[in-house]
Amino acid sequence: MTQPSDTRAKRAALIINPVKNTGADIRAIVSELCAAEGWEDVLYLETTVDDPGRGQAQEAVDAGVDVVIAAGGDGTVRCVAEVVAGTGAALGLIPLGTGNLLARNLDIAVDNPEQAAKAALFGTERNVDVVHVKVDRAQESHVFLVMAGLGFDASIMADTRDDLKDKVGWLAYVDAGIRNLGGKPARTRITLDGGETITRRLRSVMGGNCGKIMGGLEIFPGAKIDDGLLDIMTVAPHGRLGWFGVVGKLFARGKGKDPSLEYFQCKSAEIQLDEPQEIQLDGDPLGKGTHMALRVDPNSLRLRMPYGKKDPAVVTNPTP
Ligand SMILES: [Mg+2]
């Protein structure tokens with residue numbers, strides 16, 4: 001299928017979250033596909049509670065593999081991407097989680113591990129943006145690929161019951177959402193590209209690298225994963241009933257004058273709160289913080305995706 005440009009056999013690393021229960025033997029699928037193309041033996045690594053992907057990704061990059069495959073949920077993908085971005089190695093995905101948000105945004109199969117494995121090994125490649133995040137001015141920065149949030153959305157992620165996630169999938173987030181509807185807005189200052197500062201009383205601020213969340217809903221209608229821009233969304237419903245306005249504007253793809261939902265675009269943003277709020281990156285709760293600095297790193301991640309699928313820039317484009 002693929003013709004190597006040099007005589008060296010190619011090699012893939014497979015980083016898998018062993019907790020994710022799938023009917024398929026992912027290791028066997030990837031090994032067989034690689035063997036059939038004359039690739040070297042797969043470098044097989046498992047994530048652990050203490051190291052959810054970064055150490056394994058570093059080992060894979062150090063071994064000089066051609067592609068690093070993250071097989072797991074959004075958390076595994078995020079941790080592996082954090083290390084792989086900027087190294088020149090390609091990242092492939094075998095989605096095994098509940099959300100699989102990045103895979104959905106790139107039209108990577110979420111219910112067919114063999115198809116996803118083929119795209120990861122032999123698919124086309126695109127350079128996409130990642131977003132670096134620093135919480136409370138920490139030295140250490142994190143990366144997200146789909147979205148980050150401060151406030152209501154992150155409270156949902158922190159409050160979602162794992163037992164319910166296993167039983168009803170993404171509906172578990174709805175359960176947590178309803179339980180968290182009644183919170184208070186927080187005074188929030190958002191500085192865009194080191195310039196203009198916007199002050200609002202908000203329930204949630206979100207940063208988006210691409211647009212789609214679960215159920216096919218695009219919460220960032222204008223977001224593209226390779227435009228070098230970070231999309232910011234602010235959520236400020238007036239009381240519980242105000243959520244109807246938020247939901248209405250979301251379904252209207254951000255159109256309309258309802259001020260409960262606003263969008264901005266920038267390359268970097270700083271978000272400052274008076275009171276600590278929950279923070280999430282690609283659905284992973286990070287704990288509470290009062291300050292978040294976000295910065296786009298344009299085209300820094302080589303991502304494998306299926307042939308014949310639309311360009312990511314098109315995938316997230318709003319239909320007129
Ligand atoms: Mg973008």
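List every residue whose amide H lies under 5 Å from the amide H of Ser204, counting only residues 5 or more places away in sequence or on a different chain, with H placed 1.01 Å from N in the peptide plane.
Hits under the 5 Å cutoff: Phe152, Val235.
If amide hydrogens are placed 1.01 Å from N in the peptide plane, which non-local residues have theirs closer than 5 Å to the one on Leu96?
HN-HN under 5 Å from Leu96: Gly72, Gly73.
What area, in nm² and to one decimal, does the C-alpha convex hull of the chain cast on average over all directions?
Details: hull surface 64.6 nm².
Orientation-averaged projected area of the Cα hull: 16.1 nm².
Could you list which residues have their amide H under 5 Å from that of Glu46, counting only those 5 or more apart in sequence or on another chain, with H placed in the peptide plane?
Residues meeting the amide H criterion: Ile16.
Here are some pairs, Lys20/Lys257; Lys212/Lys288; Lys20/Lys184; Lys20/Lys134; Lys165/Lys212; which of them have Cα atoms lying more than 31 Å apart in this structure? Show your work: numbers first, answer last.
On the way: Lys20/Lys257 43 Å; Lys212/Lys288 25 Å; Lys20/Lys184 35 Å; Lys20/Lys134 28 Å; Lys165/Lys212 19 Å.
Too far apart for the 31 Å limit: Lys20/Lys257; Lys20/Lys184.
Nearest 5 is fine: what % of DSSP beta bridges in the chain come out antiparallel, could you say?
Rounded to the nearest five, the antiparallel share is 75 percent.
Grab the DSSP H runs of the chain that are 4 residues or longer, score each as -39,500 (n - 2.57), total them, divide by all residues and round the 222 nm result to the nearest 500 deg cm²/dmol. Walk me through the numbers before you get to the answer.
Numbers: 10 runs with 84 residues, N = 320.
Result for the chain: -7000 deg cm²/dmol, rounded to the nearest 500.
Which residue, Pro95, Gly211, Thr22, has the largest displacement toward the positive end of the dipole of the chain when charges sit on each Cβ (Lys, Arg +1; Asp, Glu -1)?
Gly211
Just want to confirm a number: the relative contact order over the chain, from Cα pairs under 8 angstrom separated by 6+ residues, in percent. Mind dumping the intermediate values first?
On the way: 739 pairs, mean separation 66.3, N = 320.
In percent, rounded to a whole number, it is 21.
Pop out the Kirkwood hydrodynamic radius of the stretch 70-115 from its pairwise C-alpha distances, inverse of mean 1/r, in Å to one decimal. Don't skip to the answer; put the middle values down first.
On the way: mean 1/r = 0.0934 Å⁻¹.
Result for the stretch 70-115 stands at 10.7 Å.
Mind running the shape call on the stretch 131-297? Use the C-alpha gyration tensor, a ≥ b ≥ c as the square roots of the eigenvalues: rounded below 1.5 for a/c, prolate if a/b tops b/c, oblate otherwise.
Details: a/c = 1.30, a/b = 1.19, b/c = 1.10.
The shape class here is rounded.
For the stretch 2-142, state the average projected area of the convex hull of the C-alpha atoms over all orientations, rounded to one decimal in nm².
Numbers: hull surface 35.2 nm².
Projected area, direction-averaged: 8.8 nm².
Readers should treat all values here as calculations from the given coordinates under stated rules, not as data from a laboratory. It should be emphasised that the depicted structure is a prediction, and the values quoted were computed from it without experimental measurement. Because the Cβ atoms are built from the backbone with ideal geometry, glycine has one as well, and the counts that use them run over all protein chains shown.
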